[in-house]
Amino acid sequence: MIDIIDLRKNFGTLKVLKGITTTINEGEKVAIIGPSGSGKSTFLRCLNCMEDPTSGAIIFNGVDISDMKVDINVHRRYMGMVFQQFNLFNNKTVIGNIMLAPVHIGVHDLRTKKFKNFFVRIRNSFTKNKKPLYEINTSVAKIKEEAKQNAMRLLKRIGLEEKANDYPSTLSGGQKQRIAIIRALAMNPKVMLFDEPTSALDPEMVGEVLDLIKQLVDEGMTMVIVTHEMGFAREVATRVMFMDDGKIIEENTPAELFSNPQNPRTKEFLSKVL
C-alpha cells in the first residue's frame, strides 16, 4: 500500500530522517517506537506530505506522493491523520468539525464536474464526436445532509452523539481525541496515521482512546501509529519499528522485538521503558 524508498528529511543543516526504506502493507498495524527526537513524528508527517521530503519517494497506491507535481489533496482523502493535540477547530461545533472535510471535498468535486460539463457542452457543440457529460447525481444540500448523517453515526459509535452541538472547549481530552479520530474516519480512509494519540491525555483518559483504536484494529484498518505505549504496541501491532537518529534501527513482530531485540540500541531503549 505504501512503499517508502530512501526517505530523507533535512531542516536546514539538521538531518532528521536519514534514508528510511520500508513498506506498509494493506491491513498491517505498524507501531513506531523510539526515543524523543528520533524522527518518528517527522516520518509520519512526511507520509501525509505535511512535510515535504528532502529526497526519496513515498509510493501510495502506485503514485509517488512526494512528487511536487502530484495533487496531494486527492491522496490525503484516503489517508487519515490524528495528532497529539487533537487539532479540532474551536470555533466549530463537534458535528461541524466532523462534517467539514467531507462537505468541502464533496462540494469541490460537484463544482469541478459542473465546470467540466460546461466545457464539454461547448466542445460538443462544435464537434461531431459527442463527449459524454460527467454524471451528477447529487447537490450541495444532499452532500451536507449525507455528511451530517454520517457524522451522527460516528458520534453514536463512540457514545458522544449528545455532544454534537457542543464546542470542543467544553470536552475532556479523551472526548476530543476520540472525536479527532472519527473526524478522520468520516473521510473513509484506507490508512490511518496516529502521532502519539495519547501523549496529551490524563492517564485515566488514555484507555478510552486506545479502546477506539483497538476497534479499528479489529475491523482491519491499515494503520501506522507512533506511540510510547509499549503494552499497546505489543498488543495490537503486527510489526514494530524501532527508530533512532533518523533511521529504522530494527523492525520485527512485537513478540520478537520486545522479547528478543537484536540491536544493542534497541536493547538499551527497551531496558529503560519496559
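The values are calculated or read from the model by the stated rules, or taken from the named source; none is laboratory data. Remember, it's a predicted structure, so these values are computed and weren't measured experimentally. In this analysis, Cβ positions are derived from the backbone assuming ideal geometry, glycine residues included, and neighbour counts consider all displayed protein chains. Note: areas computed on protein heavy atoms with side chains; ligands, DNA, RNA excluded. Shrake-Rupley method; radii C 1.70, N 1.55, O 1.52, S 1.80 Å.
Here Rg/Rh (Cα atoms, Kirkwood Rh) was computed from the coordinates, and among (i) 1.26; (ii) 1.15; (iii) 1.03 the match is (iii). Extending 7 Å from the Cα toward the beta-carbon at both Asp67 and Glu26 defines two label points whose distance is 2.1 nm.
Using the alpha-carbon atoms, what tilt in degrees (0 to 90, nearest 10) does helix 94-126 show relative to the longest principal axis of the chain? Helix 94-126 sits at roughly 40 degrees to that axis. Given the C-alpha centroids of the stretch 45-60 and the stretch 135-200, what is the distance between them in whole angstrom? A separation of 26 Å, based on Cα centres.
So what's the back-of-envelope 222 nm ellipticity for the chain, counting only DSSP H runs of four-plus at -39500 (n - 2.57) apiece and dividing by all residues, rounded to 500?
On the way: 9 runs with 116 residues, N = 274.
Value at 222 nm, helices only: -13500 deg cm²/dmol.
Helix 140-157 axis versus longest C-alpha principal axis of the chain: approximately 30°, rounded to the nearest ten.
Ligands, DNA and RNA left out, the accessible area of the stretch 173-217 computed with a 1.4 Å probe is 43% carbon and sulfur. Couplings 3J(HN,Hα) of the stretch 4-9, computed from phi: 9, 10, 6, 6, 10, 9 Hz, in residue order, whole Hz [Karplus 6.51 cos²θ - 1.76 cosθ + 1.60, θ = phi - 60°; x for Gly and Pro].
Relative contact order of the stretch 177-261: 24 percent, from C-alpha pairs under 8 Å at least 6 residues apart in sequence.
Between Lys18 and Met187, the FRET efficiency from the beta-carbon distance, with R0 = 45 Å, is close to 0.90. How large is the Kirkwood hydrodynamic radius of the stretch 26-144, counting all unique pairs of alpha carbons, in Å? It is 18.1 Å. Of all lysines in the structure, the ones whose alpha carbon falls short of 22 Å from that of Lys18, not counting any fewer than 8 places away in one chain, are Lys9, Lys40, Lys247, Lys267. With all protein chains in place and ligands, DNA and RNA left out, the 1.4 Å accessible area ranks Arg45, Arg111 as Arg111, Arg45, largest first.
Excluding residues on the same chain fewer than 8 positions from Lys113, give the lysines whose Cα lies under 19 Å from its Cα. Here the lysines satisfying the reach criterion relative to Lys113 are Lys130, Lys131, Lys142, Lys144. What angle do you read, to the nearest 10 degrees and between 0 and 90, between the alpha-carbon axis of helix 264-273 and the longest principal axis of the chain? Approximately 90 degrees, to the nearest 10. Between Ala141 and Val217, the distance separating the two model label sites (each 7 Å from Cα on the Cα→Cβ line) works out to 4.6 nm.
Once you have the Cα-Cα distance between Glu235 and Thr253, take 0.36 nm times their residue separation minus that, and quote the gain in nm to one decimal. Intermediate values should be presented prior to the final figure.
On the way: separation 18, 0.36 × 18 = 6.48 nm, distance 1.07 nm.
Length gained between Glu235 and Thr253: 5.4 nm.
Each DSSP beta bridge with both residues in the chain is either parallel or antiparallel, and the antiparallel ones are about 55%.
Given charges of +1 on the Cβ of Lys and Arg and -1 on the Cβ of Asp and Glu, with all other atoms neutral, how large is the dipole of the stretch 55-206 about its Cα centre, in debye to the nearest 20? Walk me through the intermediate numbers first.
Numbers: 24 positive and 14 negative charges, 256 e Å.
Result for the stretch 55-206 is approximately 1240 debye, rounded to the nearest 20.
Can you classify the stretch 141-197 as rounded, prolate or oblate using the Cα gyration tensor, where a ≥ b ≥ c are the square roots of its eigenvalues, rounded means a/c under 1.5, and otherwise it's prolate if a/b beats b/c and oblate if not? Oblate, since a/c reaches 1.5 and b/c is not below a/b. Shape class of the stretch 143-274 from the alpha-carbon gyration tensor: prolate, with a/c at 1.5 or above and a/b greater than b/c. Averaged over residues, the count of other Cβ atoms within 10 Å places the peptides 251-263, 184-196 in the sequence 184-196, 251-263, highest first.
Under the criterion of Cα pairs below 8 Å and six or more residues apart, the relative contact order for the chain equals 28 percent.
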